[in-house]
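Chemist: Let me begin by handing over the structure; questions about it come next.
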Amino acid sequence: MANILIVDDSPTETHVLTSMLQKNGYSVISATNGEEGIEKARSDKPDLILMDVVMPGMNGFQAARQISTEPETSSIPIIIVSTKDQETDKMWGIRQGAKDYVTKPANEKELIGKIKELLGS
């Protein structure tokens with residue numbers, strides 16, 4: 001069972017994503033900000049990370065960049081899940097190391113499809 005880290009400061013959004021992932025057979029851990037997300041990426045070595053962008057302190061772009069450039073976490077694929085829906089946001093997210101970008105509210109079929117594709121399952 002793949003383990004997915006959700007990094008989002010919204011308890012509601014985390015709950016929605018957690019329910020969606022667990023229903024599709026994934027185990028879930030969560031972090032409420034970028035710094036905690038980086039720590040959990042290092043300690044828990046999730047199979048994939050769902051990263052929000054707008055969070056207090058370190059934003060999701062900064063956290064994605066750090067996770068994707070550190071040798072111990074660089075192999076973990078990141079999907080940014082954000083309300084920011086501009087093409088420039090998506091391009092910037094990919095440039096920060098994210099493998100994909102999904103706009104909130106996340107469409108379950110689309111998100112699970114992207115996760116399966118990145119995990120090769």
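We did not get these values from a lab; they are worked out from the coordinates using the rules stated. The shown structure was predicted, so the numbers you read here are calculated from the model rather than taken from an experiment. With ideal geometry, Cβ positions are generated from the backbone for all residues, glycine too; neighbour counts draw on all protein chains shown.
Chemist: In nm, to one decimal, how far is the E108 label point from the V54 one, both placed 7 Å along Cα→Cβ?
Modeler: 2.6
Chemist: Quickly estimate the mean residue ellipticity at 222 nm for the chain, helices only: each DSSP H run with n ≥ 4 gives -39500 (n - 2.57), and the total goes over all residues, rounded to 500.
Modeler: Rounded to the nearest 500, it is -14000 deg cm²/dmol.
Chemist: Short version: ³J(HN,Hα) in whole Hz for each residue of the stretch 80-87, in order, from phi by Karplus 6.51 cos²θ - 1.76 cosθ + 1.60 (θ = phi - 60°), x for Gly and Pro, what are they?
Modeler: Going residue by residue, I get 7, 10, 9, 6, 5, 10, 6, 4 Hz, with x marking Gly and Pro.
Chemist: Top mean-square fluctuation among D47, D85, D100, Gaussian network model of the chain, C-alpha springs under 10 Å?
Modeler: D85
Chemist: What shape does the stretch 1-55 have by the C-alpha gyration tensor, where a ≥ b ≥ c are the square roots of the eigenvalues, rounded means a/c under 1.5, and otherwise prolate means a/b greater than b/c and oblate the rest?
Modeler: Note, shape of the stretch 1-55 comes out oblate.
Chemist: Work out, step by step, the length gained on full extension between K116 and T69: first 0.36 nm times the residue separation, then minus their alpha carbon distance; give nm to one decimal.
Modeler: That pair, K116 and T69, stretches by 14.6 nm at full extension.
Chemist: Another question, if that's okay. Please identify the GluC sites (Glu not before Pro) of the stretch 35-94 that satisfy two criteria: DSSP loop assignment and at most 14 other Cβ atoms within 10 Å. Which are they?
Modeler: In loop regions of the stretch 35-94 (DSSP not H, G, I, E or B), the sparsely surrounded GluC sites (Glu not before Pro) are E72.
Chemist: Can you compute 3J(HN,Hα) from phi for each residue in the stretch 32-49, using the Karplus curve 6.51 cos²θ - 1.76 cosθ + 1.60 with θ = phi - 60°, rounded to whole Hz and x for Gly and Pro?
Modeler: For the stretch 32-49, the Karplus curve yields 9, 7, x, 4, 5, x, 5, 4, 5, 4, 5, 7, 9, 6, x, 6, 7, 10 Hz.
Chemist: I need the phi-derived Karplus couplings for the stretch 114-120: 6.51 cos²θ - 1.76 cosθ + 1.60, θ = phi - 60°, integer Hz, Gly and Pro marked x.
Modeler: Here the 3J(HN,Hα) series is 5, 5, 4, 4, 6, 8, x Hz.
Chemist: Among all lysine pairs in the stretch 1-113 that are eight or more places apart or on different chains, how many have alpha carbons less than 19 angstrom apart?
Modeler: Lysine pairs meeting the criterion: 9.
Chemist: Mean-square fluctuation check for the chain, GNM, Cα pairs under 10 Å: which of N24, N33, N59 is largest?
Modeler: Most flexible of the set in this elastic network: N24.
Chemist: Translational diffusion coefficient of the stretch 3-119 at 25 °C, 0.890 mPa s, Stokes-Einstein with Kirkwood Rh over Cα pairs, in µm²/s as a whole number.
Modeler: Roughly 180 µm²/s, to the nearest whole number.
Chemist: Just to be sure I understand: with springs between alpha-carbon atoms less than 10 Å apart, which residue in S68, S27, S43 has the highest mean-square fluctuation in the Gaussian network model of the chain?
Modeler: For the chain, modelled as a Gaussian network with Cα springs under 10 Å, the answer is S43.
Chemist: Moving on to the next point. Normalising by the residue count of the stretch 15-116, find the relative contact order in percent from Cα pairs under 8 Å and 6+ residues apart.
Modeler: 23
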